[in-house]
Amino acid sequence: MAGISQAGWIAPLAASKSSDVAIAISLSGPTCTVGQELYYSDLTEEGISLEKASDMARDYTGPHGFDPLPSLQKLDVPGLWLLGAQDSSIPVPLTTEILDSLITDHDKDFSYIVYPNMNHILRDVDTGQIYPVLDDALNWLNEEFGD
């Protein structure tokens, strides 16, 4: 199962409820709450740096809305998150912190790749290229399920 952007919340939720799902792949999908993501997006639109906005989203105290953490904790299939470090829509550092915690504290078979110069639509901010994303996803699938 795969999800892009907001579907990055939905795909793990659906996968955690089905025994027919073998993998979860999220492209620019957040692991933080909806409230944190919306707050981060608002901050970056106001011109606050990605790094500072991510720090501020971590400490967000407003309404959180949907929290994907319970679904991610239940997820028992390998997962891959593909993220762009120049993403102004989701707080990538917070997303990877949550993934690291799930990997370490809950022994999840989760992986992620952060592309330093890619944005939310996983395009290089200078060249517009997406080339490594598809190759990396295929390599991950081969590592998980290849011979």
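Just so you know, all these numbers are worked out from the coordinates, no wet-lab data involved. Every value quoted in this text rests on a predicted model; they were computed, and no experiment measured them. Quick reminder, even Gly has a Cβ in these numbers, built from the backbone with ideal geometry, and neighbours come from all protein chains shown.
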Taking only C-alpha positions in the range 62-112, Rg and Dmax in angstrom work out to 11.6, 32
Mind listing the long-range amide H neighbours of K108? Cut-off is under 5 Å, sequence gap 5 or more, other chains count too, H placed in the peptide plane at 1.01 Å from N. I103
Through the Karplus equation 6.51 cos²θ - 1.76 cosθ + 1.60, θ set to phi - 60°, convert the phi angles of the range 19-27 into ³J(HN,Hα) values in whole Hz; use x for Gly and Pro. 8, 8, 9, 9, 8, 10, 10, 10, 9
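Given charges of +1 on the Cβ of Lys and Arg and -1 on the Cβ of Asp and Glu, with all other atoms neutral, how large is the dipole of the chain about its Cα centre, in debye to the nearest 20?
Result for the chain is approximately 340 debye, rounded to the nearest 20.
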Label I48 and D105 with points 7 Å out from Cα along Cα→Cβ: what is the distance between them in nm? 2.3 nm
Along the Cα→Cβ direction, 7 angstrom out, place labels at V114 and I130. What is the inter-label distance in nm? 2.3 nm
Taking H as built 1.01 Å from N, whose amide H comes closer than 5 Å to the amide H of W81, not counting residues under 5 places away? S26, S111, Y112, I113
Need one number: convex hull volume per residue for the range 5-85, Cα atoms only, in Å³. 88 Å³
Taking 8 Å as the Cα distance limit and 6 or more residues as the minimum spacing, I'd like the relative contact order of the range 2-145 as a percentage. 25 percent
I'd like to compare 88-101, 111-124: which one has the highest average count of other Cβ atoms within 10 Å, and what's the full order after that? 88-101, 111-124
Sorted by Cβ neighbour density within 10 Å, fewest at the top, the residues S28, S5, S49: S49, S5, S28
Quick one: net charge around V34, please, counting Lys, Arg +1 and Asp, Glu -1 for every other residue with C-beta under 14 Å from its C-beta. -3
